[in-house]
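The structure under discussion appears below in the form of structure tokens.
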Amino acid sequence: MDTSPLDALGLLDHDFDNNAVQCPVEEAMQLLTGKWRMLVLYRLRKGPMRFNALQRSLAPVTQKVLTATLRGLESDGLLWREVRAEVPPHVIYGLTPFAAGAAPVFEAMAEWILRNKALEGATG
């Protein structure tokens, strides 16, 4: 039988309600809360993207909002940013290894929604 990561850490039956240790789901939510954060990470899961391509893939996000979102994700250690000294300058964003570890979570969320939509269509 497979053991979960929480079980391997001895936390499977841990009571996170006592506030002695922050609940890992709560910690993840703090990192991912924001209208565009999860979508940015989801878009970048397959590889780095230039700012303009990322903005187009997230339409109708504005440049101002996307810039603020990217800065926040970068400061939280979820993204890296590379400025290429070209004319015009190219800015590329990608996931840090920490954020890339969440890609299966985003894939599972997408699968969960698609599977349930298919079930609704079959029964509705």
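Since every read-out is calculated from the coordinates, none of them should be taken as a lab result. Keep in mind the model is a prediction, meaning the values are calculated, not measured. FYI the Cβ positions are ideal-geometry reconstructions off the backbone, even for glycines, and counts take in every protein chain you see.
Annotations for the structure displayed:
- Protection proxy ranking of 61-69, 25-33, by the mean of other Cβ atoms within 10 Å over each peptide's residues and highest first, is 61-69, 25-33.
- FRET efficiency estimate (nearest 0.05) - Cβ-Cβ, Val87 to Glu107, R0 30 angstrom: 0.20
- Under 18 Å of direct C-alpha separation, and excluding same-chain neighbours fewer than eight residues apart, Lys35 reaches these lysines: Lys64.
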